[in-house]
Structure formats: C-alpha cells, structure tokens
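First up is the structure itself, then whatever we jot down about it.
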Amino acid sequence: MNEKNKIKTKPMRKSSTTIATSTMAIVICAALTIGMQTLSHQALAQTYSNTSNGMTAATSASSAVSPVSVSTSQSTNKEFWINTVHLDGMTNIHAAVKCDTCNQNTPLHPAERPPLNSTIPAGGGFRLTEPNKVGAWDFRSFTFAPDQIVVNQGDKVTLHFIGVQGTHHIITVDGIATFPLMRGQIHTVSFIARNPGTINYTCHLHLPNMVGQILVLPKAIV
Ligand SMILES: [Cu+2]
C-alpha cells in the first residue's frame, strides 16, 4: 500500500509542481506582455507628444481635430498674405472650336454667347470682353484672396498685399494706408487692432467687388 501510495503520490507531486510552475510562467508571461504593451503605449504617447501640436497625421486622421483655442483676452501677432486675383470665365460663341486661349472650350463645351443686356456694375471690378476673331470671350471678376480676416482686439496685425493678377491696383486699408500695387510687388502694412469692429481693405480700381474685411473681435471681459 505504502509503495503504491508512494508511487502514486510522486507523480502527483510532480504534477502539482508542474502546474504551479506552468501557472507562474503564464502569470509572468502575462505580466511581461502587459508591461510591454504599457511601455509600447507610453512610447507611442511620447512619440505623439513630441510632434508639433502634440498630434501626428495618424492621430488626426483617426480622431476629431480640435481647433487651437485662442483667448480673446490675449493679444498676439497675426500675419496674413493677401493676393490680388481675377477669376475668368472664358468661353466661345462656337461649340467645339479649338482655341488655345479658351480654357473652357473643350470639344464637349456648348456654344455660349455673351449676355445681350449685361447688368454688371461700373467701377472696374467686372469686365466683359466681347468675342475676338475666333469667337472667344471672357467675363472677369476681381477679388482679394483672402477677403475675410478675423483678429482679436489688441492684436498686432501684419498684412502683406501681393500683386499677382491685374497689372495695377490702388488699395486702401481703412484708417491705415493707401498705396499702389503692381503685379510682382509686395506691399506690407502693420497696425494694432485697437478697437473692435470691422476694417475694410479696398481696391479703388476694381469696385465694387475687390474688397475685403478684417473683423476685430472685442477683447473678452475677465
Ligand atoms: Cu484692383
């Protein structure tokens, strides 16, 4: 009996030891795995936090983007680049006419005639060019890009006006300056936005549409 018991108990002890050892191994493996995952997450978080704005393209693509908050009680420097632009609707009175100067005149483009009674306002901001010898004509509209700017009261605002399209402009920033601007030139004005409200910038040669507006938000009451 004793021998049998001994024979039976020995494997039992081995088995218990094996189970205990296996259990410990599993626990250690699990702990190591969790630890490695934690380290991995910490490393990723560190990677993200090391990038500018604490956000990478990967995180911004997978989660909602939060705008950078700006307190209206805090004055900052704001800098803008404002291009002079004209938009052209070029077309042709003939359908499917090959014309190098007619951007819209593809073989599939239908014939288009200028409006008989054009109601475009005077002031130079719009221009309707009658059909040329191949029937091409153009409707042009001048504008600024951008034409809406928002700053906070107290901000130092710098505007760089860039002469890109249109040969010549005469621009006024209300209460600040009036200056000519030729194509290829950059003219810069700077000022402190002391009062809340609006400040218009206007080209006198291309009215009424070549206008822009700076909206100055009132300083927050704290
Ligand atoms: Cu102009």
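The values are calculated or read from the model by the stated rules, or taken from the named source; none is laboratory data. Nothing here was measured: the structure is a model prediction, and the numbers come from that model. With ideal geometry, Cβ positions are generated from the backbone for all residues, glycine too; neighbour counts draw on all protein chains shown. These area figures cover heavy atoms from the full protein model, side chains too; ligands, DNA and RNA do not enter into them. Shrake-Rupley method; radii C 1.70, N 1.55, O 1.52, S 1.80 Å.
Looking at this structure, is GLY166 closer than 30 Å to ALA95 by Cα, within 11 Å of the ligand (Cβ to nearest atom) and small (Gly, Ala, Ser)? Can you show your working first?
Details: closer than 30 Å to ALA95 by Cα: yes; within 11 Å of the ligand (Cβ to nearest atom): yes; small (Gly, Ala, Ser): yes.
Judged against the criteria, GLY166 is a match.
Taken over region 190-212, the residue count meeting the criterion of being more than 16 Å from the ligand (Cβ to nearest atom) and crowded, with 16+ Cβ neighbours inside 10 Å is 3.
Residues that are open to solvent by less than 30 Å² (accessible area, probe 1.4 Å) and not aromatic (Phe, Trp, Tyr) were ranked within region 125-140; the one that is farthest from the ligand (Cβ to nearest atom) is GLY135. Taking first residues from region 165-177 that are touching a residue at least 12 places away in the same chain (Cβ under 8 Å) and partners that are within 13 Å of the ligand (Cβ to nearest atom) and basic (Lys, Arg), the Cβ contacts under 6 Å between residues at least 6 apart in sequence or on separate chains come to THR167/ARG183. Hey, among the residues in region 92-137 that are modelled with pLDDT of 85 or more and β-branched (Val, Ile, Thr), which one's nearest to HIS206 (Cα to Cα)? Only one residue fits best here, namely ILE120. Here region 78-91 is the region considered, the condition is being farther than 30 Å from LYS156 by Cβ and more than 16 Å from the ligand (Cβ to nearest atom), and the residue that is modelled with the highest pLDDT is GLY89. Scanning region 141-163 for residues that are open to solvent by less than 10 Å² (accessible area, probe 1.4 Å) and small (Gly, Ala, Ser) gives a single hit, GLY163.
Part of a loop (DSSP other than H, G, I, E, B) and open to solvent by 40 Å² or more (accessible area, probe 1.4 Å): which single residue out of GLY175, GLY166 fits that description?
Working: GLY166 fails: open to solvent by 40 Å² or more (accessible area, probe 1.4 Å).
Matching residue, one of GLY175, GLY166: GLY175.
Only one residue in THR202, THR172, THR198 is within 14 Å of GLY125 (Cα to Cα), hydroxyl-bearing (Ser, Thr, Tyr) and at pLDDT 95 or above. Which one?
Values: THR172 fails: within 14 Å of GLY125 (Cα to Cα); THR198 fails: within 14 Å of GLY125 (Cα to Cα).
On inspection, the qualifying residue turns out to be THR202.
Among the residues examined, GLY184 qualifies as closer than 13 Å to HIS160 by Cα, away from the ligand (no atom under 11 Å from the Cβ) and surrounded by fewer than 13 Cβ atoms within 10 Å (Cβ to Cβ).
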